[in-house]
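Read the structure below first, then the notes.
The values are calculated or read from the model by the stated rules, or taken from the named source; none is laboratory data. Please read these numbers as outputs of a predicted model, since none were measured by experiment. Backbone-built Cβ (ideal geometry, glycine too); neighbour counts: all protein chains shown.
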Amino acid sequence: MIKKRLFLGLSAISMLLLAAGAVYIWLTFFDREALVLRYITAILVFLAVVILTIVFLGFALIILSLLSDKDVSVFSKPVNFAFSLLYPVVIWIGKIFQITQDKIQRSFVEVNNQLIRTKKMKILPHKLLLLLPHCLQVADCGRRITADTANCIRCGRCPVGKILDLCDRYCIHVRIATGGTVARSAVKKLQPQAIVAVACERDLTSGILDCIPLPVLGVLNERPNGPCFNTSVNINAVEKALLYFLEGGEKNVASGVSA
């Protein structure tokens, strides 16, 4: 759980800072003589307390789910709210502590993946979408597979062919995205019930947050040649993530991010 602890620890610090900010506002402005300022301060602090209460509840449910391996989807709204609100604060705090954004995002994806794995949901193949980054395709290939995956001749020079073979075997929808706009368009058009996404830490994190409350299992790509150029991915990790949804969340089927 070491990787998960990074995001969770920074999230706890974020909540303490937010609470301290609310207390500071109250102590600084409520005792002022201007009655209007007192009312404004009271309203702001009240709103802050409500928001922090929801965030604390969501964070507590995340911890409970991770420790117990139990589904807390009945309380999904505070969990999703906590994720969405805490993430930018966590990134900001990470910069203060000189923690690289990739490390925080990897931890975030790991936390998300374990929460998804507690849901034990079974998805029909035509309701499952696999999203791939275009950088999996070898750079000097002349085939435009982002427009139509049928253009891939599956020559074996890049992992795309083997992944398409997987999608054919399990009858899974697959889209190769050149960016977030294309990915969102595919989700809107196909309306899947769950997504398996292959990408780097940054794109996975933004995709997971964009898709809330849609469940997304993230599989990190491999970048032996640097970012966004001739990347690769563990085919077994992709298959395990797909089977996790297809087989109803079997415990022995994990995601592509190691614990």
Next on the checklist: Kindly evaluate D71 against the criterion of being assigned to a loop (DSSP other than H, G, I, E, B) and either touching a Cys at 6+ places or on another chain (Cβ under 6 Å) or among the acidic types (D, E) (or both).
Outcome noted: yes
Next on the checklist: Looking only at segment 153-163, how many residues end up being without any contact (Cβ under 8 Å) to a residue 60 or more places away in the chain and under 20 Å from C228 (Cα atoms)?
Outcome noted: 4
Next on the checklist: Contact list please: Cβ distance under 8 Å, first residue in segment 166-179 and within 22 Å of E247 (Cα to Cα), second residue of a type in the set (G, A, S), pairs at least six apart or on different chains.
Outcome noted: R175/A183; R175/A186
Checklist entry - Among the residues of segment 115-137, is there at least one that is surrounded by fewer than 17 Cβ atoms within 10 Å (Cβ to Cβ), closer than 24 Å to L16 by Cα and within 18 Å of the chain's Cα centre (by Cα)? => result no
Checklist entry - When the residues of segment 98-123 are filtered to those that are assigned to a loop (DSSP other than H, G, I, E, B) and touching a residue at least 40 places away in the same chain (Cβ under 8 Å), which remaining residue is farthest from S65 (Cα to Cα)? => result I99
Checklist entry - Can F29 be described as in contact (Cβ under 8 Å) with a residue 12 or more places away in the chain and either within 22 Å of the chain's Cα centre (by Cα) or within 18 Å of L209 (Cβ to Cβ) (or both)? => result no
Checklist entry - What do you reckon, is V36 more than 18 Å from the chain's Cα centre (by Cα), hydrophobic (A, V, I, L, M, F, W, C) and at pLDDT 80 or above? => result no
Item to check | Hey, I145 β-branched (V, I, T), surrounded by 12 or more Cβ atoms within 10 Å (Cβ to Cβ) and within 18 Å of I195 (Cβ to Cβ) or not | outcome: no
Checklist entry - Which condition number in (1) of a type outside the set (A, V, I, L, M, F, W, C); (2) closer than 18 Å to A197 by Cβ; (3) in contact with a Ser or Thr (Cβ under 8 Å, 6 or more places away or on another chain); (4) in a helix (DSSP H, G or I) is the one that S65 fails? => result (2)
Checklist entry - Which residue pairs have Cβ atoms closer than 8 Å, lie 6 or more positions apart in sequence or on different chains, and pair a first residue in segment 1-26 that is closer than 18 Å to Q105 by Cα and not assigned by TED's automatic domain parsing to the domain that holds I93 with a second residue that is surrounded by fewer than 19 Cβ atoms within 10 Å (Cβ to Cβ) and acidic (D, E)? => result none
